[in-house]
1. Could you provide, to the nearest whole Å², the per residue accessible area of region A:442-507 with probe 1.4 Å?
2. How big is the charge dipole of region A:442-507 about its Cα centre, in debye rounded to the nearest 20, if each Lys and Arg gets +1 on its Cβ and each Asp and Glu gets -1 on its Cβ?
3. Suppose we compare each residue of region B:76-99 in its chain alone and in the full protein complex with a 1.4 Å probe; which ones drop by at least 20 Å² of accessible area?
4. On C-alpha positions alone, give me the angle between the axis of helix B:172-185 and the longest principal axis of chain B, in degrees, nearest 10.
5. Buried accessible area between B and A (1.4 Å probe, both chains summed, ligands and nucleic acids excluded), in Å² to the nearest 100?
6. Provide a whole-number value for the mean count of partner chain Cβ atoms within 10 Å of the Cβ atoms in peptide B:186-193.
7. By the gyration tensor of its Cα atoms, with a ≥ b ≥ c the square roots of the eigenvalues, what is the shape of the protein assembly as shown: rounded for a/c under 1.5, prolate for a/b over b/c, or oblate?
8. Kindly identify chain A as rounded, prolate or oblate by the Cα gyration tensor criterion: order the square roots of the eigenvalues as a ≥ b ≥ c, call it rounded if a/c is under 1.5, otherwise compare a/b with b/c, prolate if a/b is larger, else oblate.
Amino acid sequence: MRIGIDVGGTNTDAVIIDGETVRHAVKRATTADVLGGIEAALGDVIAEAGVPPSALSAVMIGTTHFTNAVVQRSQLSRVAAVRIGLPAAATLPPFVDWPPDLRELVRGPVFMVRGGYEIDGRALVPFDRNGLREAARAIAGSGVTAVGVSSVFSPLNPDLEQEAAEILSEICPGIAITLSHELGRIGLLPRENVTLLNAALHQMARDTVAAFVEALRRVGTSAPLFITQNDGTVVLADEAVRFPVRSFASGPTNSLRGASLLSGLDDAMVIDVGGTTADIGTLVRGFPREANNVVHIGGVRTLFRMPDLLSVGLGGGTLCDPADPKSIGPRSVGFDLQRRARVFGGPDLTVTDIAVAAKLIDLGDQGRVASLDKSYVEGALAQIRTIIATAVDRMKTSAAEVPLIVVGGGAFLVPDRLPGISKVVEVPNAAVANAVGAAMAQVSGEVDQVFSGMERARALDAATEQARANAVRSGALEHSIRLVEVEDIPLSYLPGNSMRVRARVVGSVSM
Amino acid sequence: MANPPFEMTADDLDAMAIGAWILGTGGGGDPYFSVLEAREHMARGLRARVIDPLSLADDALVACVGQMGAPLVKQERLIDGPVLASTIPMMEEHIGRKFEAVMLWEIGGNNGFQAVLAGMLLDLPVVDCDAMGRAFPQADMTTFSICGLPAHPWTMVDLRRNRIIFAEAENWAWMERMTRQLCTVIGSTAATCKAPRTGAEVKSSTCLYTLSQALRIGRTVQAARREHRNAVAAVVAGEGGLTLFKGTIVDAMRRTTEGWLRGTIEIDGVEDDQGHRMRIAFQNEFVVAWRDGNVAATVPDLICLMDSTSGDAIGTETVRYGQRVTVVALPAPPILTSERGLRKVGPRCFGYDLDFKSVFAERVG
């Protein structure tokens, strides 16, 4: 049996999963120290289900804490930046495209030294080791606790970044080092951005994961702890401490993955109706379809692939205009629903009130919405459905009818029938889909490299093998590994048969 | 009458990037980091002045700059304005004359910004025109080549201060061949100053007002986004374009042959195009589009792939499975669709035995 936990901004949800069945679920308030909320949720879900802590094979936690830290500019460390690549890119130093407020908070000493590679593997210029040693000494004297290192074409050849790491750990003992080739693909600026964000999160990640570990200790389980990542897979907690940026999108990813598990469907659309928004995504072979566009985190341009979501301002707390049934949202009472909605004794007319009046759901005091005009309720309901239908249609990529899985606290708002949808699928435990998604996450292995002088088929095989090895290192069971994505991009203008190959495999975690 | 000169603002840089990326027809590279650099220079007080080609004296001397090479290399090594700009004094030294202005080699993608950066750094005005009106993969696919102007000399600079002068070339095809070889040697990216042009040549032998066109397209997209209107439709309406197809990328096949990124994409239709399929072949830029096997558009008409939601252009390097796209045709400058133009940039120059038939033919006729 394993436990999935979703640590959100408001609630911490925990579920116990036996095989693929949800045994029990609880919802507790998230606490400022994180630890209290997890300890309560974890302790309660175990106690209420009557499961001995020793029977747990794994605990998987998904959290939006790392993204929130960047978005809210809180708990970030000041970091040093080292770029190996002069004389290239001299006019665009590290942090160049960060929002000013975030840059002021995070930017420590910045160094650019000569070095790096050509696309064909030759050295760009000889590596300036002395320059790097000088930079390391300055960093040691600056008091920063973390450094991000990037190097031109390091995804092709990481050895200069690795050498820099050796020099830095020798001269700056104990400093946390993030190397860009471990996080990124081709594209110097966004790869470097992610590297620096990761360095800035190192202390926060250490503290947060330590709180997770402590919560597990307090409830008396020695099950391994996994943290969920952007792509719907998990890594061991130690790895997550090193790469917190890889967990940025785990909230929506877990919601989509949870919907898949709860419904048994691998190819479907998913609508997650919460308090403020409805988020619509698409599952392809059990994983979220990724967005077309460049992803910005807290205003910083990154190379991340994030689930492609359409958010519309429609949730249980969305405000309705009592004078016009067609005027719904996008403003919302948000988490104040329990105080402000009419059925709960509040002054505001919300979508939840409309749903209660229309008898879609039984909540609060029905008498407080009895005076609503019937034609108004019908009109508002029609408008809610139009909003949902339009949004679902916008996210559709083919004309074929697809099933739509409904999760989230506001699931009752989704009509039974929608154009272009073969079936609206309601699932049990829809309110804790995120925690279920966390519990069922798999581990992945990825490779993104330029291969030269080999046939296409051999290059694809080599990449796939490396990805498999990476997955096994992350805890995947070898026999369960499957290839989910492989793509090659021949490099134009290059002699020889050069291509950039990206391969990704996923596998189950050993139970 | 010439338009008055104007100075670009930081907002103009963003608008130009959106428009130039669309005019790149899949090639030319993402302008993002050159916009960043231009913004940095602007913050330091450097100015990007734009002048009307018609305001040039006939004997004025105009530098034409561009970065050649693989877009992927540029993503990693970036492009440094100062390195690019250094090709210009090098050319001045070679020919023993000073330039009065700088013009764009190619408006499409990131290349248009190279002239803007050079103009800012050297305090030269940027002429509102280019030699392609879009993006093309080869030096012999330019208005200068079409008009039979001399192809030489060129200067080429590498960031390691490897400096090359191509003193003479038999013709544009030879200049293309020689510079491509050297470009590969120095890392598949090279800053170049092309053959100098006189004011008279600029006025008679370029695509006029393409910088303004990129700005206009960018502003159209920005306004549509702000007002939550369909950005793709706004561009089509604003530029007299045609929506060719709307759908989802179901395959993107790329391979390198003879030093180019060649390949095809396949798009499954949605909405009005449901049940139909579009296939587009590219050589760095999109070349021919077929709808259900029938030719729907070819070069030199601009075949632009746009993100159906945001209106951003999608490049041949970045197009991938699952993207939701709209294929749009924009009219090419008349010089490209003329008889002599088609001999340099028509479908046959890309290896397709097809007669060019503009999708805008009826409208023009």
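The values are calculated or read from the model by the stated rules, or taken from the named source; none is laboratory data. Computed from a predicted structure; not experimentally measured. Reconstructed Cβ throughout: ideal geometry from the backbone, glycine too, with neighbour counts over all protein chains shown. Just the protein is used for accessible areas: all its heavy atoms, side chains included, with ligands, DNA and RNA removed. Shrake-Rupley method; radii C 1.70, N 1.55, O 1.52, S 1.80 Å.
1. In whole numbers, region A:442-507 has 43 Å² accessible per residue.
2. Working: 8 positive and 9 negative charges, 12 e Å.
That gives a dipole near 60 debye.
3. Buried on complex formation: B:GLU76, B:ARG77, B:LEU78, B:ASP80.
4. 90
5. On the way: alone 15020 and 21140 Å², together 32310 Å².
Counting both chains, the buried surface is close to 3900 Å².
6. Working: counts 1, 8, 9, 4, 0, 0, 0, 0.
Averaged over the peptide's residues, the number is 3.
7. Working: a/c = 2.00, a/b = 1.46, b/c = 1.37.
Taking the square roots of the gyration eigenvalues as a ≥ b ≥ c, the protein assembly as shown is prolate.
8. Values: a/c = 1.81, a/b = 1.74, b/c = 1.04.
In terms of gyration-tensor shape, prolate.
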